[in-house]
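Here the structure comes first, spelled out in structure tokens, and everything after it is commentary.
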Amino acid sequence: MLAEDSTLLREGLVRLLAEEGHEVLASVGDAVALLREVEARQPDMIVVDIRMPPTHTDEGLRAALEIRKRWPGVGVLVLSQHIERNYAVQLLTSNAERVGYLLKDRIAQVEEFLDALQRIHAGGAAIDPEVVRQLLIRTTHSDPLARLTPRERSVLEILAQGYTNAAISAKLHISMSTVEKNLNTIFDKLELAHASGYNRRILAVLRYLES
């Protein structure tokens, strides 16, 4: 399902997804209609703009958070015209699985947009690389980021976008064993001990988003 108040963009996305073999159950122009459609039809995934009528502030985000609370099996991809750090933190810290946050400019890069949808549908996350870079910027020496080497920061940045170890290996041109070694070091530096029921990959990203 799509929720976007720009008719041109909304119809363009409907056409793109249909051409790629996806079934669009509904396309609406406001958050109220989105919630109504989700309740009625329970889609696999929604794509929603953060700023929706009537105030064009955070209606889309609030709808996305409610959907994640009421229907946790529905994947959520939020679109934003600009980086909204507070909104990104709210969305990602609510549950970092089956969730995505992309800048609207990323839609023009069709393969990246479709890849994000696939990762979310598969149970993962897809975070715009520019959003990740902005979220990981820190200036204080007390921040745990200061403990990481440049290589570890690069691994964490790609991890935060929702990629697997194999994808990290390919993107950085390093071996899988090096990726695993870097991740274990990151977890240790962030003091993320093994804990039953928790995913340290997600906790590593959330540690920064919440700091």
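Can you tell me the order of 10-22, 44-56 when each peptide is scored by its average per-residue count of other Cβ atoms within 10 angstrom, highest first?
On the way: 10-22: 13.5, 44-56: 19.2.
Highest mean packing first, the order is 44-56, 10-22.
For the chain, with all protein chains present and a 1.4 Å probe, just round the carbon and sulfur fraction of the accessible area to a whole percent.
Values: 5320 of 10570 Å².
Solvent-exposed carbon and sulfur of the chain make up 50 percent of the total.
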Practice prompt. Quick one: among 189, 104, 181, which has the greatest mean-square fluctuation in a GNM of the chain with alpha-carbon springs under 10 angstrom?
Written response: 181
Practice prompt. Note down the relative contact order for the chain as a percent, whole number, built from C-alpha pairs under 8 angstrom at least six residues apart.
Written response: 13 percent
Worksheet item: Accessible area per residue, 1.4 Å probe, Å², for the range 1-148: what's the number?
Response: 48 Å²
Fill in: the range 52-90 residues near the modelled residue 11 label - backbone nitrogen below 20 Å, point 7 Å along Cα→Cβ
53
Worksheet item: Which net charge results when you count Lys and Arg as +1 and Asp and Glu as -1 among the other residues whose beta-carbon is under 15 Å from that of residue 9?
Response: -1
Worksheet item: Which of these values of Cα extents along the principal axes in Å was calculated from the structure shown: (i) 46, 44, 30; (ii) 50, 38, 37; (iii) 46, 32, 32?
Response: (iii)
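The values are calculated or read from the model by the stated rules, or taken from the named source; none is laboratory data. Quantities reported herein were computed from a predicted structural model and do not represent experimental measurements. All Cβ positions, glycine included, derive from the backbone under ideal geometry; neighbour counts span all protein chains shown. Only protein heavy atoms, including side chains, enter the accessible area calculation; ligands, DNA and RNA are left aside. Shrake-Rupley method; radii C 1.70, N 1.55, O 1.52, S 1.80 Å.
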